[in-house]
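The values are calculated or read from the model by the stated rules, or taken from the named source; none is laboratory data. A quick note: this is a predicted structure, and the numbers were derived from the prediction, not measured. Glycine gets a Cβ as well: all are built from the backbone with ideal geometry, and neighbour counts include every protein chain shown. Only protein heavy atoms, including side chains, enter the accessible area calculation; ligands, DNA and RNA are left aside. Shrake-Rupley method; radii C 1.70, N 1.55, O 1.52, S 1.80 Å.
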Amino acid sequence: MDNVVKNFSGLTAVSNVSMHLDTNELVALIGPNGAGKTTLFNLLTGVIPVSSGSIVLNSDSGTYPLNGKPAYTIAKMGLSRTFQNIRLFKDLTVMENVLIAMTSKVKEGFIPTIFRFPSYYKTEKQLAEKAKQLLEIFELENDTDVLAKNLPYGTQRKLEIVRALATEPQILFLDEPAAGMNPEETAELTQLIIKVQRKFHITILLIEHDMSLVMNLAQRIYVLDHGSLLAKGTPAEIQSNPAVIKAYLGEEVD
Amino acid sequence: GCSTAKTTTKGNQTTGNTIKIGVNMELSGAAAGYGQSQKQGIQLAASEINKDGGINVNGKKKKIKLVIRDNKTSNNTSASVAAQLTNNDKVVAIVGPATTNAGTAEIPNITKAAVPSVSPSATDPAYTLKKNGKVQPYVFRACYQNNFQGATAAKFMTNTLKAKRVAVYADNSSDYGTGLAKAFKKAYTGKVVDSQFFTAGDKDFNAVLTSFKSKKIDAIYAPGYYTEIGLIIKQARQAGINVPIVGSDGMADPKLAQIAGNNNASKIYYTTPFSDDVAKANPTAVKFMNKYKAKYNQDAPTFSALAYDSVYMIKQAIENEKSADSVKIAKGLAKIKNFDGVTGNITMDKEHNPEKPIAIEELTKGKVSESFNVK
Amino acid sequence: MLLTVDDLFVNYGVINAVKGVSFNINEGEIVSLIGANGAGKSTILKTISGLLRPKSGKITYEDQEIQSKSAPKVVADGISQVPEGRHIFAGLTVMENLQMGSFLVKDRAKIKQNFDEVFERFPILKQRKNQDAATLSGGEQQMLAMGRALMANPKLILLDEPSMGLAPIFINEIFDIIKEINKQGTTVLLIEQNAKKALSIADRGYVLATGKIQMTGTGDELLANKDVQKAYLGG
Amino acid sequence: MQTFFQQIINGLSLGSIYALLALGYTMVYGIIKLINFAHGDIYMLGAFWGYYVINVWHFNFISALLSAMLVGAASGVIIEYFAYRPLRHSPRITALITAIGVSFLLENGMSYLFTSNTRDFPQIIKQVNYHLGGVQISNIQILILATSCILMILLQLIIKKTKMGRAMRAVSVDADAAELVGININWTISFTFALGSSLAGAAGVLIGLYYNSIDPLMGMTPGIKAFVAAVLGGIGSVPGASVGGFIIGILETFVQSIGLSAYKDAVVYFVLIVILLILPAGIFGKNTKEKV
Amino acid sequence: MKANFKYNLIWLIVMIAGFYLINTLILVGVIDSFIANMLVTIGINIILATGLNLIIGFAGQFSLGHAGFMAIGAYATAIVTQTASSPVGFYASIFIGIIVSIIAALIVGIPTLRLRGDYLAIATMGASEIIRIIINNLKMTGGAAGMFNIPQFADWPTVYIMVCLTTIIIVNFIHSRAGRAVKSVREDEIAAEAMGINITKWKLAAFVLGASTAAVAGSLHASYLQTIAPNDFGIMESISILIIVVLGGVGSITGTFVAAVVLGVLDTVLQNFGALRMVIYAIALVMIMIFKPSGLLGTWEFSVKRLFSRSKRKERVES
Ligand SMILES: Nc1ncnc2c1ncn2[C@@H]1O[C@H](COP(=O)(O)OP(=O)(O)OP(=O)(O)O)[C@@H](O)[C@H]1O
Ligand SMILES: Nc1ncnc2c1ncn2[C@@H]1O[C@H](COP(=O)(O)OP(=O)(O)OP(=O)(O)O)[C@@H](O)[C@H]1O
Ligand SMILES: CC(C)C[C@H](N)C(=O)O
Ligand SMILES: [Mg+2]
Ligand SMILES: [Mg+2]
């Protein structure tokens, strides 16, 4: 990602940000409210177009520019995310939520689907099994038929992560996964994130205001302020960086 | 083998002391205004006949029982209403529907049931005909077909008004306006300078009238109904367009002048079977108009007169055939000759169209000032 | 006793969100209500402020039963709520949002005075007063929501997770402001996920779990309690 | 040239009629996001009211107009109370169907009670035509044009500058939060309906007077057109409703003047679609893209 | 897999049994041509409304232009069977109607489906009106008079089979990968895109499928009634299809069936009320909506599978 800029009619939400993610890294992005963190996620995942700059994905199979690609293409290329204010498919079941994320991975023709060829049942069964496996990791396998909106808040956050994983991403973006959770739940979530990264060998970039989670998890941290990079480094470096303390952490660090 | 059920009938018979006549009518929806007027005409006719003891069926007087059903100005519903009238209510004849579209939707069902239907106002030339040009055995009407009225207006334009350049402004929302416009243009020998359309329900015609004004026209031919034509007259006169405006029987309603304003309603002509002159010479018409006024407290519109005649045509058919069975009534209707109706002396032609005299009335200051006989 | 909640039950259709909760608030206190997600904290607040009707139970405020009053009446009585998720009026300017806050205040001079006080407490809002509230940052929106509530001159202010989603630096600021508001005579009922912070500024606290009060005590007592530490303070 | 200016006048006066009706639509939509299908029928009620009070009770123009506004307001409030309020927390499409039902009820109920005949509206103000260099305009046209412009400004002032206006906007963005600052939502919504529907009532008398013909179904066509105008201008926006109304009026006139009268509605819809594709929330609508 | 076969078989048996039931009732005279008429109308409405429910209820796209696509099918059949007056011609005309309506749906849908909510509704309504006005002014379509004397190839068995066929297609579409994708678009476009769903493609898929079934319904309508006119396909027709969808429950195909039947019966019963008919209908409509705001069935769906698992559970309890 190089010199990425985003303007909203007059307002520069992200200006000249350059950062990179290595394979299998777990990186955190922090910064005061309105710094542009979520906006940066939106740019990376194609929800909104960049004003200038370039975003490039280097995968095993080659180098792909991501600028100007629609969100669904980017998702298919292996970049998946969760949302700051939960965006589940509320009136669909947990199972459906996960299956939808697998849609682009199946190629089942229109005719076999409509007229229910045996191959249709086979693919459906395979999909369902794969979804079950994912749900088991997050201990959601007993809730498959529950509507997403009826899940407790913390569980909804977990389901969002499962759904993102179901697209089989290379990079996972988590936007404030611990928001609204109490410290106990946050600790639990921290363990889950570590587990997921090990199991699926993916790169994770996460936004979080809960410093206990950030400092425990992140290998590196980027700090964003007013749209530009304020600092980058290891958790220890960041914690003692006076600029970061002034703009973000405040005097006392929990 | 998968054969499906089919039903056939030999028509509906009249048993007992009442003759059931169905009314399939536009009582709600876009054409409700016409349907309501027709219903009043039908009810007036039925109550009159019943007061006289009923219809004489081979020496025995039987009373009319009307079964009135609303078709919502919908083709679908009209077909359904026809089925209900013929199957469940077992009517022996139907009056209605008012519009050609609802009328044609009824044909398959009434034909299956062998029950004749007389539409007071379905004006499309092809209404009574099958695709191959043969006549529909159970379909009749009491009004002119468009060709006749349109051609008459065209002749009148040339011969009487001496109009060389006319503009046509027609209702584009039913076959009535477009059919008449087509017939007019076909028969007219002068120049049609401009041809424009409006839609039933429109209220503002200034744009088209303004462009007519700049085109040096001698007259306007405006086939449509009084609801819109009244406004067209008003707006034309206010815009300073004082050429004659010629239209069709859809204008033959006292409301026309009310909507247009009496002062605007001059040099207005329309083709009609139901002219004041004819009426004065015709005792049936005089009687009808008085009774109508007494019963509904308003002047009789053409549609009521046509509907009233439709009922009496059925009565005539029953009396002539001496039977109130539906198949017989159809036969009787086809043979109607010199029937003395409110809308003139009617003889049914081979295609089930009534032959009756046509007149053209002129309005001056909202009142009928003259009527012309066009041959 | 400024406010007493007595054996309160609240349902959402068939779901029982609050099952027999009783607690009270004295004038001038900061009382904190803590509990896990879905414990029913927000539901209680909404019931007090009149947005929800309880199934049974009594809410007494200044010796008057208010459980069947509508929200505008409750506001008129002097209870203001800062709702979870801020709920500022998007599309209205900061200034207009604040004006809405004193919707029920008739006295113009009083409104003017409220404006001055709010702007003094939140100088950033004064800078932004003609900006569309939707474009404020999260911390600013939270301040606006609090400012709007204060514009009604409440005796009791109900705060629903004011620190949610805020950067650490804003969190500190918000808690400082809460303390200050309280000092100037407004009674505070505070709901928080951030139990540590909440209990440290609270005079008293209640712990809520699955719709019931589990524990109560002064802020310091609860902070020191083992169970509370384990469940809500992260060890 | 003369014809051209005359057509502009024609377009403006037709447009002012659409604008007048569109204003009411926009008010109601703005607050509860409901396409109030019955709005056109309240306009019809206003016209019938005017017809009766002028003919039977011999009201003069001003009192007929004002009383029709009251009748409009009352019917709007009653309809909201019985038909829409119970559905405030239901899916919007449900309320839309109810609105359609109410519209059917008013149209058919009035047809049933008063027959669906067309009536001529009493010409209580004598029409006077003014000529300016060959272009003519009538006093009633001017009256309608002026009324819709004044009402537009008035409404805009009410919404932007008064406490009630702010309350209306607050309710429309967040009803719960509005209650929490002490706004009585029911009252505010009733007020909005009263305001919007009184405009329809006034339009009934004005337009009845202008065209001189009223019937129970008269609300249908202009109702839909006015709604299209409101959408075109950006539904919920007061200036948008007026601008939308004028655009449609002028457009219809223009299409007819070049001889495409048979396609006039098609062209209007086509332009509507094109404008929406460029400005998906209409001309004045705020394109509130969801913040992710 | 066997279980799936079983459920499909049960459905097939239900459909065939339904057919023979109606046929017998006609043979013994319980169903006369009036009731048959009602059944056909209900059937055509079911086809229309299930298609619209797919678009509105499942894809979440508020279309108010269904009548336009119906018109395309109706006119295709009217025009084609005018010259090719044979069953083959009739089926060819259905096919042509489908093709033309798909093309029209693409032309209308590609640009307008970007719009949201009520804006989309108005745009689709406008598009449908444009279609109708064009038909109204063409020579080939008979102008405002419409076309009559259309040969009748559609009788109730044809309609019955078409109802089954279109329902199978739509229901199977909904209960598949495609249906899930379409529903995700309804729930949250942004999230759906982030999960790799091409929202434009799926919206369009639902829209086109709905449009093509509407064309089928139009063909049946034209051929059964033997007369059509542009006014049959106006805004009010689109609205009356919408009413069926909402009354039954947005997002419930079973509900659509129930509502089509209820309204169909109500409509015929109301024929006995003359001019009061529409007044009563309007009051009924408002009442149902107020007392059942999410429609008669909400989003509830009848399912053979569920029926079976329930009865099995019962058996287990009993034994
Ligand atoms: N769609 C948009 N239109 C206009 N401005 C926007 C939009 N999205 C974001 N912004 C603005 O861009 C800036 C950055 O917002 P962003 O949501 O990225 O912040 P953030 O760092 O994620 O903050 P938080 O920690 O509160 O979530 C803010 O000032 C915000 O108001
Ligand atoms: N509108 C609603 N409809 C149905 N159930 C609801 C609704 N709102 C809340 N609930 C349920 O009521 C219970 C209590 O919810 P409440 O919002 O009061 O919890 P809370 O303690 O405020 O949690 P949080 O910390 O997440 O804000 C939860 O189980 C929740 O799922
Ligand atoms: C009453 C009129 C609307 C009927 C018209 N003459 C027709 O044939 O359709
Ligand atoms: Mg963010
Ligand atoms: Mg809460």
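Considering only residues of region C:145-182 that are within 14 Å of chain A (Cβ to nearest Cβ), crowded, with 23+ Cβ neighbours inside 10 Å and part of a helix (DSSP H, G or I), which is modelled with the highest pLDDT?
Ranking the candidates gives C:ALA145 first.
Inspect all residues belonging to region C:160-174 and state whether any of them is away from ligand 1 (no atom under 16 Å from the Cβ) and over 27 Å from C:LEU8 (Cβ atoms). Explain how you work it out, then say what you get.
Of the residues in region C:160-174, the ones away from ligand 1 (no atom under 16 Å from the Cβ) are C:160.
Retained after the next criterion (residues that are over 27 Å from C:LEU8 (Cβ atoms)): none.
No, every residue in region C:160-174 fails to be away from ligand 1 (no atom under 16 Å from the Cβ) and over 27 Å from C:LEU8 (Cβ atoms).
Can you name the helices (runs of 4 or more DSSP H) wholly within region E:178-266 that have at least 3 residues being within 12 Å of chain A (Cβ to nearest Cβ) and open to solvent by less than 10 Å² (accessible area, probe 1.4 Å)?
Numbers: elements: E:189-194, E:199-225, E:235-248.
Because the criterion is at least 3 residues that are within 12 Å of chain A (Cβ to nearest Cβ) and open to solvent by less than 10 Å² (accessible area, probe 1.4 Å), the helices (runs of 4 or more DSSP H) in region E:178-266 that meet it are E:189-194.
List the strands (runs of 3 or more DSSP E) inside region A:11-121, counting only whole elements, that have at least 2 residues being open to solvent by less than 30 Å² (accessible area, probe 1.4 Å) and over 23 Å from A:TYR153 (Cα atoms). Reasoning before the result, please.
On the way: elements: A:11-17, A:26-30, A:52-54, A:56-59, A:62-65, A:79-81.
Hits in region A:11-121: A:11-17, A:26-30, A:56-59.
As an exercise: evaluate B:ILE55 against (1) within 20 Å of B:GLY11 (Cα to Cα); (2) within 8 Å of chain E (Cβ to nearest Cβ); (3) open to solvent by less than 10 Å² (accessible area, probe 1.4 Å) and give the number of the one condition it does not meet.
All conditions pass for B:ILE55, except number (2).
Evaluate region B:129-144: report whether one residue or more is within 13 Å of ligand 3 (Cβ to nearest atom) and over 30 Å from E:LEU276 (Cβ atoms). Show your work before the answer.
Looking only at region B:129-144, we keep the residues that are within 13 Å of ligand 3 (Cβ to nearest atom), and these are B:139, B:141-144.
Next, from what is left, pick out any that are over 30 Å from E:LEU276 (Cβ atoms): B:144.
Within region B:129-144 (the criterion being within 13 Å of ligand 3 (Cβ to nearest atom) and over 30 Å from E:LEU276 (Cβ atoms)), the answer is yes, since at least one residue qualifies.
Please go through region E:1-31 and pick out each residue that is within 13 Å of chain B (Cβ to nearest Cβ) and open to solvent by less than 40 Å² (accessible area, probe 1.4 Å). Full working, then the answer.
Of region E:1-31, the ones within 13 Å of chain B (Cβ to nearest Cβ) are E:16, E:19-31.
Hits for region E:1-31 are E:PHE19, E:ILE22, E:ASN23, E:ILE26, E:ILE31.
I'm trying to understand the selection: among the residues of region C:1-40, which are touching a helix residue (DSSP H, G or I) at 6+ places or on another chain (Cβ under 9 Å) and either in a loop (DSSP other than H, G, I, E, B) or within 16 Å of ligand 4 (Cβ to nearest atom) (or both)?
C:GLY28, C:GLU29, C:ALA36, C:ASN37, C:GLY38, listed by residue number.
I'd like to know if region C:92-106 contains one or more residues that are more than 16 Å from ligand 4 (Cβ to nearest atom), of a type in the set (D, E, K, R), more than 8 Å from chain D (Cβ to nearest Cβ) and free of Cβ contacts under 8 Å to residues at least 24 places away in the same chain.
Pass one, region C:92-106, residues more than 16 Å from ligand 4 (Cβ to nearest atom): C:92-106.
Still in the list and also of a type in the set (D, E, K, R): C:96, C:106.
Now restrict to residues that are more than 8 Å from chain D (Cβ to nearest Cβ): C:106.
If we keep only those that are free of Cβ contacts under 8 Å to residues at least 24 places away in the same chain as well, we get C:106.
Yes, region C:92-106 contains a residue that is more than 16 Å from ligand 4 (Cβ to nearest atom), of a type in the set (D, E, K, R), more than 8 Å from chain D (Cβ to nearest Cβ) and free of Cβ contacts under 8 Å to residues at least 24 places away in the same chain.
Looking at region A:190-207, can you tell me whether even one residue there is within 10 Å of another protein chain (Cβ to nearest Cβ) and among the hydrophobic types (A, V, I, L, M, F, W, C)?
Quick first cut of region A:190-207, residues within 10 Å of another protein chain (Cβ to nearest Cβ) only: none.
No; the residues of region A:190-207 include none that is within 10 Å of another protein chain (Cβ to nearest Cβ) and among the hydrophobic types (A, V, I, L, M, F, W, C).
Being outside any helix (DSSP H, G or I) and modelled with pLDDT of 85 or more: is that true of C:GLY185 here?
The answer is yes for C:GLY185.
Please state which one of C:GLN131, C:GLN142 is open to solvent by 20 Å² or more (accessible area, probe 1.4 Å), within 12 Å of chain A (Cβ to nearest Cβ) and in contact with a helix residue (DSSP H, G or I) (Cβ under 8 Å, 6 or more places away or on another chain).
Details: C:GLN142 fails: open to solvent by 20 Å² or more (accessible area, probe 1.4 Å).
The unique qualifying residue is C:GLN131.
Can you name the residue in region C:63-78 that is facing another protein chain (nearest Cβ under 10 Å) and open to solvent by 50 Å² or more (accessible area, probe 1.4 Å) and is also farthest from ligand 2 (Cβ to nearest atom) among such residues?
Among those that are facing another protein chain (nearest Cβ under 10 Å) and open to solvent by 50 Å² or more (accessible area, probe 1.4 Å), it is C:ALA76.
State which residue is farthest from ligand 3 (Cβ to nearest atom) when the search covers only region B:35-52 and only residues that are open to solvent by 40 Å² or more (accessible area, probe 1.4 Å) and within 14 Å of chain D (Cβ to nearest Cβ).
Per the criteria, the residue is B:GLN43.
For region A:76-109, enumerate the residues that are touching a Pro at 6+ places or on another chain (Cβ under 8 Å) and either at the interface with another protein chain (Cβ under 7 Å from one of its Cβ atoms) or not aliphatic (A, V, I, L, M) (or both). Before you say what the answer is, go through the steps one by one.
Our first condition is that a residue be touching a Pro at 6+ places or on another chain (Cβ under 8 Å); within region A:76-109, this holds for A:78-80, A:82.
The answer is A:GLY78, A:SER80, A:THR82.
Can you say whether C:GLN81 is under 30 Å from D:THR162 (Cα atoms), facing another protein chain (nearest Cβ under 8 Å), among the polar types (S, T, N, Q) and part of a helix (DSSP H, G or I), as far as the supplied structure shows? Before you say what the answer is, go through the steps one by one.
Working: under 30 Å from D:THR162 (Cα atoms): yes; facing another protein chain (nearest Cβ under 8 Å): yes; among the polar types (S, T, N, Q): yes; part of a helix (DSSP H, G or I): no.
It is false that C:GLN81 is under 30 Å from D:THR162 (Cα atoms), facing another protein chain (nearest Cβ under 8 Å), among the polar types (S, T, N, Q) and part of a helix (DSSP H, G or I).
Mind counting the residues in region E:267-303 that are away from chain D (no Cβ under 11 Å), within 18 Å of E:GLY251 (Cα to Cα) and in a helix (DSSP H, G or I)?
0
Does region D:122-130 contain at least one residue that is in contact with a Leu (Cβ under 9 Å, 6 or more places away or on another chain) and at the interface with chain E (Cβ under 10 Å from one of its Cβ atoms)?
no
For region C:183-210, how many residues are touching an Asp or Glu at 6+ places or on another chain (Cβ under 7 Å) and either within 14 Å of chain A (Cβ to nearest Cβ) or among the basic types (Lys, Arg) (or both)?
Taking region C:183-210 first, the residues touching an Asp or Glu at 6+ places or on another chain (Cβ under 7 Å) are C:187, C:191-193, C:198, C:203-204.
Now restrict to residues that are either within 14 Å of chain A (Cβ to nearest Cβ) or among the basic types (Lys, Arg) (or both): C:191-193, C:198, C:204.
Result for region C:183-210: 5.
Kindly list the number of the only condition in (1) under 11 Å from the mean Cα position of the chain (by Cα); (2) away from ligand 1 (no atom under 16 Å from the Cβ); (3) surrounded by fewer than 24 Cβ atoms within 10 Å (Cβ to Cβ) that fails for C:LYS197.
For C:LYS197, the failing item is (1).
Residue by residue, here is whether (1) within 11 Å of another protein chain (Cβ to nearest Cβ); (2) over 15 Å from D:ILE158 (Cα atoms) holds:
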site: D:PHE191; (1), (2): no, no
site: D:SER197; (1), (2): no, yes
site: D:ALA203; (1), (2): no, yes
site: D:GLY208; (1), (2): yes, yes
site: D:ASP215; (1), (2): yes, yes
site: D:ILE224; (1), (2): yes, yes
site: D:ALA229; (1), (2): yes, yes
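From C:ASN153, C:ASN114, C:ASN130, which residue is over 19 Å from D:ILE183 (Cβ atoms), more than 16 Å from ligand 3 (Cβ to nearest atom) and among the polar types (S, T, N, Q)?
On the way: C:ASN153 fails: over 19 Å from D:ILE183 (Cβ atoms); C:ASN114 fails: over 19 Å from D:ILE183 (Cβ atoms).
Among C:ASN153, C:ASN114, C:ASN130, only C:ASN130 is over 19 Å from D:ILE183 (Cβ atoms), more than 16 Å from ligand 3 (Cβ to nearest atom) and among the polar types (S, T, N, Q).
In region B:61-98, what count of residues is obtained for those that are at pLDDT 90 or above, part of a loop (DSSP other than H, G, I, E, B) and either within 16 Å of ligand 1 (Cβ to nearest atom) or buried (at least 24 other Cβ atoms within 10 Å of the Cβ) (or both)?
5
Within region C:211-234, is even one residue more than 12 Å from chain A (Cβ to nearest Cβ), among the acidic types (Asp, Glu) and in a helix (DSSP H, G or I)? Before the answer, list the steps.
Let us first name the residues in region C:211-234 that are more than 12 Å from chain A (Cβ to nearest Cβ), namely C:211-226.
Keeping just the survivors that are among the acidic types (Asp, Glu) gives C:220-221.
Subsequent filtering for residues that are in a helix (DSSP H, G or I) retains C:220-221.
Checked region C:211-234: at least one residue is more than 12 Å from chain A (Cβ to nearest Cβ), among the acidic types (Asp, Glu) and in a helix (DSSP H, G or I).
Just the residues that are among the hydroxyl-bearing types (Ser, Thr, Tyr), open to solvent by less than 20 Å² (accessible area, probe 1.4 Å) and more than 21 Å from E:LEU120 (Cβ to Cβ), please, taken from region D:228-272.
Selection gives D:SER242, D:THR253, D:SER261.
Would region A:203-211 turn up any residue that is away from ligand 4 (no atom under 16 Å from the Cβ) and crowded, with 22+ Cβ neighbours inside 10 Å?
Yes, region A:203-211 has at least one match.
Tell me the residue from C:THR43, C:THR60, C:THR47 that is more than 16 Å from ligand 4 (Cβ to nearest atom) and surrounded by fewer than 20 Cβ atoms within 10 Å (Cβ to Cβ), please. First the steps, then the outcome.
Working: C:THR43 fails: surrounded by fewer than 20 Cβ atoms within 10 Å (Cβ to Cβ); C:THR47 fails: surrounded by fewer than 20 Cβ atoms within 10 Å (Cβ to Cβ).
Going through C:THR43, C:THR60, C:THR47 in turn, just one is more than 16 Å from ligand 4 (Cβ to nearest atom) and surrounded by fewer than 20 Cβ atoms within 10 Å (Cβ to Cβ): C:THR60.
Among the residues of region C:200-219, write down those that are open to solvent by 50 Å² or more (accessible area, probe 1.4 Å) and of a type in the set (Ser, Thr, Tyr).
Once the filter is applied, which keeps residues that are open to solvent by 50 Å² or more (accessible area, probe 1.4 Å) and of a type in the set (Ser, Thr, Tyr), region C:200-219 yields C:SER200, C:THR210, C:THR216, C:THR218.
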